[in-house]
Amino acid sequence: MKNWMRSLVVLTAVICVTTAMSFAASPGEPVFKAHCQACHGATGTPNAGIAKMLGVKPVSDPSMKKLTAAEMITAVTNGKGKMPSFKGKLSDAQIKDAVSYFRTLK
Ligand code: HEC
């Protein structure tokens, strides 16, 4: 019983540290998951239905790769095609963080 409890405490501590580290490494991750993932997919690749319906390109697409962070921020802020504008919904900093996170996806 005691050993079991100890393992649980250790495991919880490990999970806390890992979570804290991933937040520190990328403040944009929670923003991306909450506001972008539905269309762009958790890994930056939309599911086939959404890709076809909305015209979302995967983050690995050459046309996506050639965009600068500034171009992406402008597209997200003002909206583009079927992507809504995030002006007023997210702060400039949140948009910047979400774009930075998006750019780390492969
Ligand atoms: C409602 C679905 C939807 C949501 C939510 C959404 N996007 Fe998009 N996104 C799109 C579509 C559709 C396009 C393709 C636009 C086009 O080129 O016509 C796109 C394009 C982009 C592009 C490429 C822009 C360009 O210039 O080609 C980036 C970068 C991007 N999205 C990032 C984000 C980020 C970051 C978020 C969250 C803050 C987000 N998107 C949320 C649908 C969405």
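Within segment 73-99, restricting attention to residues that are assigned to a loop (DSSP other than H, G, I, E, B) and in contact (Cβ under 8 Å) with a residue 12 or more places away in the chain, the residue that is farthest from the ligand (Cβ to nearest atom) is 89. Would you confirm whether or not segment 63-82 contains a residue that is under 9 Å from the mean Cα position of the chain (by Cα), among the acidic types (Asp, Glu) and modelled with pLDDT of 95 or more? For segment 63-82, residues under 9 Å from the mean Cα position of the chain (by Cα), among the acidic types (Asp, Glu) and modelled with pLDDT of 95 or more: absent. Looking across 23, 102, one residue alone is at pLDDT 95 or above, in a helix (DSSP H, G or I) and of a type in the set (Phe, Trp, Tyr). It is 102. Are any residues in segment 26-72 in contact (Cβ under 8 Å) with a residue 40 or more places away in the chain, part of a helix (DSSP H, G or I) and β-branched (Val, Ile, Thr), and if so, which ones? 31 - this is the single residue of segment 26-72 that is in contact (Cβ under 8 Å) with a residue 40 or more places away in the chain, part of a helix (DSSP H, G or I) and β-branched (Val, Ile, Thr). Is one or more of the residues making up segment 52-61 within 11 Å of the ligand (Cβ to nearest atom) and polar (S, T, N, Q)? No, segment 52-61 has no match at all. In this entry, residue 106 is excluded by the filter for residues that are more than 9 Å from the ligand (Cβ to nearest atom) and surrounded by 17 or more Cβ atoms within 10 Å (Cβ to Cβ). Evaluate the following for residue 100: is it surrounded by fewer than 16 Cβ atoms within 10 Å (Cβ to Cβ) and polar (S, T, N, Q)? Criteria not met by residue 100.
The values are calculated or read from the model by the stated rules, or taken from the named source; none is laboratory data. Not measured: the values here are computed from a predicted model. Cβ atoms come from the backbone with ideal geometry, glycine included; neighbour counts cover every protein chain shown.
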